[in-house]
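Since the structure comes first, as structure tokens, the remarks are kept for the end.
None of the figures in this text is laboratory data; all of them are computed from the coordinates on show. None of these values were measured; they are calculated from a predicted model. We place every Cβ from the backbone using ideal geometry, glycine too, and count neighbours over all the protein chains shown.
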Amino acid sequence: MQAKEKCLWTIIAFFAILIGLYPIGYSFDVFRQNSLLRSKAWELLTSSVYMTAFYTHISSGGVSLLTGWSQFIRSWRNKHPTFHRYLGYIYVLAVFTSSITGFIIAFFSTGGVVGVFGFGSLAVVWLTTILFAFTKIKQGKIKEHEKWMMRNYTLTFSAVTLRIYLPITILCGCTIEQALMIVSWLCWVPTAVGMEIYIQSKSRGGSEAKQNQIDPFLGMGP
């Protein structure tokens with residue numbers, strides 16, 4: 001494994017684990033009182049439907065972050081194929097659940113209409129890409145499956161980028177409403193576009209015929 005790739009995956013794993021454990025903080029009152037929930041109307045906070053969807057979304061989203069990053073380590077996949085497969089099922093279920101509940105709570109975004117469309121679009125694309133990834137592996141199209149998983153985990157990682165960009169936009173003078181309007185798109189569109197450019201460039205470069213080379217996104221060396 002090359003130093004740059006090791007550094008990249010160390011950073012990804014660190015933030016995936018950190019934010020993946022983030023929902024545990026909602027077990028404490030002081031955390032909830034200083035979270036994004038404080039920007040919500042009292043009607044929402046007392047709504048069993050909204051709060052159930054919210055906690056389901058962040059919990060399953062946390063599971064997807066925690067289980068997803070290790071799935072890209074090629075040497076680990078080759079050594080533990082059965083565990084990789086079952087962990088994959090957990091990941092798919094987590095994304096499926098979190099994307100649907102994410103779509104529901106998106107309608108109540110503090111970022112207004114822009115936020116609704118931003119987070120709602122993210123939920124739809126997140127769900128669509130995991131369904132494609134699941135379908136491709138069931139069809140035995142491993143390379144296509146890997147590509148869709150790359151696209152999907154990029155969207156999963158938006159939970160991390162959101163928590164990076166949100167405080168930055170607020171520090172730049174935006175209100176929480178303005179910040180969420182911006183971040184509802186900023187947290188996933190640039191990275192999704194960047195990943196798509198990467199995938200397409202690798203395909204055009206004939207990467208499919210060079211599987212003996214280490215791909216920094218599809219696998220690390222032994």
Note to self: Could you work out the relative contact order of region 36-124? I mean the mean sequence separation of Cα pairs under 8 Å and 6+ apart, divided by the number of residues, in percent.
What the structure shows: 31
Notebook entry, point to check: In degrees from 0 to 90, rounded to the nearest 10, what is the angle of the helix 158-171 Cα long axis to the longest principal axis of the chain?
Noted result: 50
Item checked: Listed residue (Phe31, Thr129, Val113) projecting farthest to the positive dipole end of the chain, Cβ model -> Thr129
Check: Where does the chain land at 222 nm, in deg cm²/dmol rounded to the nearest 500, when only DSSP H runs of n ≥ 4 count, each adding -39500 (n - 2.57), divided by all residues?
Finding: -24000 deg cm²/dmol
Next item on the list: Relative to the longest principal axis of the C-alpha atoms of the chain, give the angle of the C-alpha long axis of helix 176-186, reported between 0 and 90° and rounded to the nearest 10°.
Entry: 20
Check: What number, in percent, do you get for the relative contact order of the chain if the mean sequence gap of Cα pairs under 8 Å and at least 6 apart is divided by its residue count?
Finding: 24
Checklist line | Between region 135-177 and region 103-134, the alpha-carbon center distance in angstrom | finding: 11
Checklist line | Total charge dipole magnitude, region 41-205, about the Cα centre, Cβ charges on Lys, Arg, Asp, Glu only, Debye to nearest 20 | finding: 1020
Next item on the list: Could you name the lysines whose alpha carbon sits less than 16 Å from that of Lys143, not counting residues in the same chain fewer than 8 places away?
Entry: Lys202, Lys210
Item checked: C-alpha long axis of helix 48-68 to longest principal axis of the chain, angle in ° -> 30
Notebook entry, point to check: Between exposed chymotrypsin sites (Phe, Trp or Tyr not before Pro) in the chain, where DSSP calls loop and at most 16 other Cβ atoms lie within 10 Å, what's the longest gap?
Noted result: 108-222
